[in-house]
Amino acid sequence: MQIKIVPEFQNDADVGIVKSIVNKCVHCGFCTATCPTYQVLGDELDGPRGRIYLMKEMVEGAPVTAKTQSHLDRCLTCRNCESTCPSGVRYGRLVDIGRRLVDERVTRPLSQRVQRWLMRETLSRREVFSFLYGIARIARPILPASLQKKIQVPQPAGAWPSSNTSTRQMLLHEGCVQPAMMPNVDAATARVFDKLGIELVIASSAECCGAIRQHLSDHHGA
């Protein structure tokens with residue numbers, strides 16, 4: 001997919017990356033088979049190929065609108081599409097850059113700006129996320145059924161292996177979501193690795209991985 005960058009974007013450090021990634025796309029459409037938003041919505045612009053077209057048109061000088069922003073926002077950044085792309089298009093990297101370029105040119109409504117700020121400042125802090133998720137679990141019985149499905153019932157974490165016979169070690173970055181939502185997964189993983197002779201060590205001083213801020217176009221904060 002050939003691309004011609006207009007002067008407005010030529011001084012942006014990331015546009016060269018956009019060009020190299022877009023050039024790899026042969027618009028075969030294999031990516032749509034594994035894209036969850038395309039499968040649900042059935043809109044070409046809500047699939048990887050359509051979003052690539054939107055980003056290509058943007059850096060070629062097409063008007064950037066709230067509609068462009070909305071289609072990029074709907075992407076889950078799951079990168080399923082990369083697993084089926086025969087050309088090796090790095091779509092995840094591309095959509096992160098595309099979101100930033102759009103956000104620099106399209107002002108979001110105040111409600112969206114407040115919502116995104118709250119998400120950046122709460123979900124990226126482990127202690128705040130754990131506290132809020134704990135409240136959600138307490139309130140779960142009185143919530144609508146659609147919300148109840150999204151709040152998992154806690155399962156006992158089980159014992160963390162205490163044997164010192166492991167000859168190898170592996171570092172585990174717990175993150176902010178896993179300890180609050182599924183602590184049993186980490187403990188179960190540790191027990192499996194212990195059986196294989198590998199001690200799982202928690203990186204207790206690890207900081208936020210930056211994924212939430214990255215996906216919300218806060219590249220500097222990430």
So, Arg126, is that one modelled with pLDDT of 85 or more and either surrounded by 13 or more Cβ atoms within 10 Å (Cβ to Cβ) or not β-branched (Val, Ile, Thr) (or both) or not? no
In the set Tyr53, Tyr38, which member is free of Cβ contacts under 8 Å to residues at least 40 places away in the same chain, in the same structural domain as Glu82 (by TED's automatic domain parsing) and surrounded by fewer than 21 Cβ atoms within 10 Å (Cβ to Cβ)? Tyr53
Go through the range 163-184 and give me each residue that's closer than 15 Å to Ser130 by Cβ and under 20 Å from the mean Cα position of the chain (by Cα). Glu174, Gly175, Cys176, Val177, Gln178, Pro179, Ala180, Met181, Met182
Under 8 Å between Cβ atoms, which residue pairs at least 6 apart in sequence (or on different chains) link something in the range 95-121 that is closer than 15 Å to His220 by Cβ and touching a residue at least 24 places away in the same chain (Cβ under 8 Å) with a partner that is of a type in the set (Lys, Arg) and buried (at least 18 other Cβ atoms within 10 Å of the Cβ)? Arg120/Arg213
How many residues are surrounded by fewer than 15 Cβ atoms within 10 Å (Cβ to Cβ), polar (S, T, N, Q) and part of a helix (DSSP H, G or I) when one looks only at the range 175-219? 2
Exactly one condition in (1) assigned to a helix (DSSP H, G or I); (2) over 19 Å from the mean Cα position of the chain (by Cα); (3) among the aromatic types (Phe, Trp, Tyr) is false for Trp160; which is it? (1)
Looking at the range 101-115, which of its residues are part of a helix (DSSP H, G or I) and either surrounded by fewer than 16 Cβ atoms within 10 Å (Cβ to Cβ) or within 14 Å of the chain's Cα centre (by Cα) (or both)? Leu110, Ser111, Gln112, Arg113, Val114, Gln115
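The values are calculated or read from the model by the stated rules, or taken from the named source; none is laboratory data. Computed from a predicted structure; not experimentally measured. Because the Cβ atoms are built from the backbone with ideal geometry, glycine has one as well, and the counts that use them run over all protein chains shown.
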